[in-house]
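Visitor: Pasting in a structure now, in structure tokens, and then I'll have a few things to ask.
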Amino acid sequence: MVVENLAKVEKKVCAACERAGRRRDEVTLIAVSKTKPVSMIEELLPGGTRDFGENKVQELCEKYEQLPKDIRWHLIGHLQRNKVKYVVDKACLIHSVDSLRLAEAISAEGKKRGITVPVLIEVNVAGEESKFGVKPEEAEGLIREIAGMPSISVKGLMTIAPYVENPEENRIHFSNLRKLCVDIKNKNIDNVSMNILSMGMTGDYEVAIEEGATMIRVGTGIFGERDYNI
Ligand SMILES: *Cc1c(COP(=O)(O)O)cnc(C)c1O
């Protein structure tokens, strides 16, 4: 089932790329495996899927131990400073940096280990109270401060768009985030690259691709509905 689902998503990703005049290899499809068993992830490995997303540090670490080391684990959920030490050497990208204090903790841990930790800045595009992320107008200031830290490197922006029935409603948010990313990129801040735009989930990834997403995070569309009561 998982392999068939992935094939369906892949087809839609290709179609969206085509509509947008983009190459398929400009978009990384992250299979969001949170709450799902290792066995389901293993079903996707023979087909070549290597980018997986988890939103909890403990779950990411457990799966990391059990699965091949060439998997690229993306930490997409909120990160607490006291958990940074468990994840900096396991995640290929932390998508959810939204405070100076968190960035400082990541940089300090990276320095200790002699690595530079790649991160995205999470932006709350619609100003939803329930969501993490900085306000769009705060992103550049935070990025400038992080740029001065030794062992952390900003690679772009991430957002979790509002839950909507009609994905077209999120087009404006995706478009705005892309503009913000381009604006900051054009400032040529040292140690900041802004080449990654992580946006779009099961309900709206096609629109996100049309608006310039370079990473989409798809869970339900690949693994099915999540059951949080198990
Ligand atoms: C769960 C999650 C996703 C995937 O959501 P689906 O709607 O199941 O595709 C994407 N991004 C983040 C940050 C998530 O927590």
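Visitor: Kindly flag which residue pairs out of K11/K111; K34/K187; K131/K185; K11/K85; K12/K36 have an alpha-carbon separation exceeding 30 Å in this structure. Write down the numbers at each step before the final one.
Guide: Working: K11/K111 42 Å; K34/K187 36 Å; K131/K185 25 Å; K11/K85 38 Å; K12/K36 23 Å.
Result: K11/K111; K34/K187; K11/K85 exceed 30 Å.
Visitor: Are there GluC sites (Glu not before Pro) in segment 159-223 that DSSP marks as loop and that have at most 16 other Cβ atoms within 10 Å, and which are they? Numbers along the way, then the final one.
Guide: Numbers: sites: E165, E168, E169, E206, E210, E211; in loops: E165, E211.
For GluC sites (Glu not before Pro) across segment 159-223 that sit outside H, G, I, E and B with at most 16 neighbouring Cβ atoms in 10 Å, the list reads E165.
Visitor: Whole Å is fine, so just give me how far the alpha carbon centre of segment 161-230 lies from that of segment 58-134.
Guide: Here the answer is 17 Å between Cα centres.
Visitor: Could you check the spin-label model distance between F132 and E26? Points 7 Å from the Cα along Cα→Cβ, value in nm.
Guide: Modelled inter-label distance: 3.0 nm.
Visitor: Next question, about the same structure. Give the residue list of chymotrypsin sites (Phe, Trp or Tyr not before Pro) in segment 131-230 that are DSSP loop and have at most 13 other beta-carbon atoms within 10 angstrom. Intermediate values should be presented prior to the final figure.
Guide: Numbers: sites: F132, Y163, F174, Y205, F223, Y228; in loops: F132, Y163, Y228.
Here the sparse-neighbourhood loop sites are Y163, Y228.
Visitor: Per residue, how much accessible surface does segment 18-127 expose to a 1.4 Å probe? Answer in Å², no decimals.
Guide: Numbers: 5110 Å² over 110 residues.
Accessible area per residue: 46 Å².
Visitor: While we're looking at this one, here's another question. So the label point goes 7 Å from the Cα of R19 along Cα→C-beta, right? Which residues of segment 151-194 then have their backbone N under 12 Å from it?
Guide: So the set is 167-169, 171.
Visitor: Along the charge dipole of segment 1-136, pointing to its positive end and built from +1/-1 on Cβ of Lys, Arg, Asp and Glu, which listed residue (G47, I71, A91) has its Cα farthest out?
Guide: With unit charges placed on the Cβ atoms, the residue in question is A91.
Visitor: Roughly how many nanometres apart are two label points built 7 Å out from the Cα toward the Cβ at E165 and N82?
Guide: With each label placed 7 Å out from Cα toward Cβ, I get 4.3 nm.
Visitor: Take C92 and V3, extend 7 Å from each Cα along the Cα→Cβ direction, and tell me the distance between the two endpoints in nm.
Guide: For C92 paired with V3, the spin-label model returns 2.2 nm.
Visitor: May I ask you to give the percent of accessible area on the chain that is carbon plus sulfur, with a probe radius of 1.4 Å?
Guide: On the way: 5530 of 11260 Å².
Roughly 49 percent, rounded to a whole number.
Visitor: For segment 161-230, what is the accessible area per residue in Å², given a 1.4 Å probe and the full set of protein chains? Provide the component values of the computation, followed by the final result.
Guide: On the way: 3580 Å² over 70 residues.
For segment 161-230, the solvent-accessible area averages 51 Å² per residue.
Visitor: Determine the dipole magnitude for segment 100-183: charges of +1 sit on the beta-carbon of Lys and Arg, -1 on that of Asp and Glu, nothing else is charged, the reference point is the Cα centre, and the result goes in debye to the nearest 20.
Guide: Working: 11 positive and 13 negative charges, 107 e Å.
The calculated dipole for segment 100-183 is roughly 520 debye.
Visitor: Please list C61, C17, C92 from largest to smallest accessible area, probe radius 1.4 Å, with all protein chains kept in place.
Guide: Values: C61 25, C17 0, C92 50 Å².
Sorted descending by solvent-accessible area, the residues read C92, C61, C17.
Visitor: Also, I was wondering about something else. Working only with C-alpha atoms, what are the Rg and Dmax values of segment 1-116, expressed in angstrom?
Guide: Using the Cα atoms of segment 1-116, the pair Rg, Dmax is 15.9, 46 Å.
The values are calculated or read from the model by the stated rules, or taken from the named source; none is laboratory data. Predicted, not measured: the structure shown is a model, and the values here were computed from it. Positions of Cβ are generated from backbone atoms using ideal geometry, with glycine treated the same way; all protein chains shown enter the neighbour counts. SASA here: full protein model, heavy atoms, side chains in, ligands and nucleic acids out. Shrake-Rupley method; radii C 1.70, N 1.55, O 1.52, S 1.80 Å.
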